[in-house]
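Trainee: Pasting a structure below so you can have a look.
Derivation of every value follows stated rules applied to the coordinates shown; laboratory data play no part. Predicted model, so just to flag it, every value in this text is computed and none were measured. With ideal geometry, Cβ positions are generated from the backbone for all residues, glycine too; neighbour counts draw on all protein chains shown.
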Amino acid sequence: MSERPATPLLDTVDTPRDLRKLDRSQLRQLADELRAEMIDAVGSTGGHLGSGLGVVELTTAIHYVFDTPNDKLVWDVGHQAYPHKILTGRRDRIRTLRQGGGLSGFTKRSESEYDPFGAAHSSTSISAALGFAVANKLKGEPGKGIAVIGDGAMSAGMAYEAMNNAEQAGNRLVVILNDNDMSIAPPVGGLSAYLARMVSSSEYLGLRHLASKVAKKLSRRVHHGLEKAEEFTRGMVTGGTLFEELGFYYVGPIDGHNLDHLLPVLENVRDSEQGPILVHVVTKKGKGYGPAENSADKYHGVQKFDVITGEQKKSAGGPPAYQNVFGETLAKLAETDPRICAITAAMPSGTGVDKFAKAHPDRAFDVGIAEQHAVTFAAGLAAQGMRPFCAIYSTFLQRAYDQVVHDVAIQNLPVRFAIDRAGLVGADGCTHAGAFDITYLATLPNMVVMAAADEAELVHMTYTAAEYDAGPIALRYPRGNGVGVALPETPELLEIGKGRVVRHGSKVAILSLGTRLAEALKATDQLEAKGLSTTVADLRFAKPLDTALIDRLMRSHEVVVTVEEGAIGGLGAHVLTHASDEGLLDNGLKIRTMRLPDVFQDHDDPMKQYDEARLNAPHIVDAVLSALRHNSAGVEEARA
């Protein structure tokens, strides 16, 4: 009689409390099962893969050693937290990742007590963990703040700002540097693991503390010299001198996939009175899954894929992606204009700058996760006569707003902002949606703000921005593919602040900005079928407004509707302000502004998000009919 297969260990673990009941000899098996579960889940949903695979053992070890959720674990960015979600009571929902009503692709406070801090932008983890640690210290409560931050996120200044202020947290703060690019660490082996265990051990720290007490009996100069000598010697052997200078006790590097190395070091760190402590862990993105290990860049974020072959399910062919249209157009323009250069903040392929970099490597700059630096660097280039394009996602450009205001707009420098992911972004949700750029840019003096209605318009706007030297200029375009219009052979130089009429009518005017133009045209067909003659204008510019066109349409139409894929305070607000200033509302004109709702929309299918935002064709029709009904009621009431 054959033996019944053993129950998988992962089936016995719902929360870290269950995990901590296991013998440490069982953790290797659990980690292997956890990795297999994550691969299978992401294969069916798509999402971030490589980063999560790289921290399977680290996730297991952290939850095994530390008292989560009382110890607050903060994952930087959060896309590496899929294994964490599986181990913290969400395994039964892991196949709902990034789907409407399902789990977020990032950490989210409303999802679980094990997600103490939402993180979807890089380099915030140390600041947040420091806040948890100091709060517990001030309240006299137990609990540490633990930040897991990738080496890429260490390129952002915010991480160092937090580390520079971490000393006040004492041993309540633990920073785990997940070095998955070998960018800092020397080769990791048995010697480095031994040294990490040694310098984090209570025996070593006790001896160090005793030596420090003796040294304090000596002169201040001698004491300081001995302290620096010990730090320097340890830094020479193990690395980490930079972190020591920032006030951290450095431990590492250690192999992040070897539980026999990880567990004793983390236990030493947990029990240490020394602090704050930085543990340097070396991991491999995509660990344990061949396709991801061999192509970490392509398996950072994936479509649904075949788990056996690793082949990603390709989307049906169609129009080119907007970022590729931008990158290829800019590269072509740069062939004849040596002043054009491109800057991105760690997102070359996401912004299309990789296309530019391939053609013009000496004029392409990836500054890392450093949006503030990117903008001011571009300002310096512009001040010296170059034509810099600063290509940054809308949601990430928010991080450099002071630099946009102070270093670019006030000085009226001709920096070109190519704003990708403008508008809703589907599965990435509210943390990555570009909802606010129209509002936060169009309010600035000297700024020009354009929005492409389709891929052909993006070509024209890229060329227009390249030729515009009078001050800062921004062009916004969405995530995803274009609408299928033919790309122009020769780009057109657009007149600044001038829109275009794409459909002529007499009763209703729809003023569209950006890619909602296609829905505005669909709405026009429906309105025409109801006998409502409709004009559609693609304004092209949120700033400066085409006031002549707006004035003409407002004086000759009964209803005017503005449509934009942006938050309140954008195009609609500017049109209403102009209409009020010019007295255009005095003749009974009905104006409706359509924009993103005043909420943070959760991740979902893009069309469902647009339905929720009421920005599709039927909603435009409803807005027009509502205005007309309101107008008729008002007229009848006045007659009565």
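Trainee: Taking a ≥ b ≥ c as the square roots of the Cα gyration tensor eigenvalues, with a/c under 1.5 meaning rounded and otherwise prolate when a/b beats b/c, else oblate, which class fits the stretch 322-476?
Mentor: Rounded, since a/c falls under 1.5.
Trainee: With viscosity set to 0.692 mPa s and temperature to 37 °C, compute the Stokes-Einstein D of the stretch 501-639, Rh being the Kirkwood radius across alpha carbon pairs; µm²/s, no decimals.
Mentor: 215
Trainee: Once each part is reduced to its C-alpha centroid, what is the distance from the stretch 302-357 to the stretch 126-153 in angstrom?
Mentor: The two parts, judged by their Cα centres, are 37 Å apart.
Trainee: While we're looking at this one, here's another question. Would you mind pulling out the separation of the Cα centroids of the stretch 563-621 and the stretch 385-446, in Å?
Mentor: 20
Trainee: Work out from phi, with θ = phi - 60° and the Karplus expression 6.51 cos²θ - 1.76 cosθ + 1.60, the ³J(HN,Hα) of each residue of the stretch 561-572, listed in order in whole Hz, and give x for Gly and Pro.
Mentor: The phi angles translate into 10, 9, 10, 8, 9, x, 6, 4, x, x, 4, x Hz.
Trainee: If you don't mind, there's one more thing I want to ask. How many angstrom lie between the Cα centre of the stretch 529-560 and the Cα centre of the stretch 7-83?
Mentor: Their Cα centres are 55 Å away from one another.
Trainee: Let me ask something else about it. Classify the stretch 416-465 as rounded, prolate or oblate, taking a ≥ b ≥ c as the square roots of the eigenvalues of its Cα gyration tensor: rounded when a/c is under 1.5, otherwise prolate if a/b is larger than b/c and oblate if not.
Mentor: Oblate.
Trainee: How long is the stretch 49-160 along each principal axis, judged by its Cα atoms, biggest number first, in Å?
Mentor: 40, 31, 27
Trainee: Divide, for the chain, the radius of gyration over alpha carbons by 2.2 N^0.38 Å, where N is the residue count.
Mentor: After normalising by residue count via 2.2 N^0.38 Å, the value is 1.10.
Trainee: Taking amide H positions as placed 1.01 Å from N in the peptide plane, with prolines and chain starts having none, which residues 5 or more places from residue 592, or on another chain, fall under 5 Å of its amide H?
Mentor: HN-HN under 5 Å from residue 592: 560, 561, 562.
Trainee: Kindly put 57, 141 in sequence by how many other C-beta atoms sit within 10 Å of each C-beta, fewest to most.
Mentor: Listing 57, 141 from fewest to most nearby Cβ atoms yields 141, 57.
Trainee: For the stretch 425-568, max minus min Cα coordinate along each principal axis, in Å, sorted largest first?
Mentor: Extents along the principal axes: 43, 37, 35 Å.
Trainee: Under Stokes-Einstein, with the Kirkwood radius over Cα pairs standing in for Rh, what whole-number D in µm²/s applies to the stretch 371-444 at 37 °C and 0.692 mPa s?
Mentor: 263
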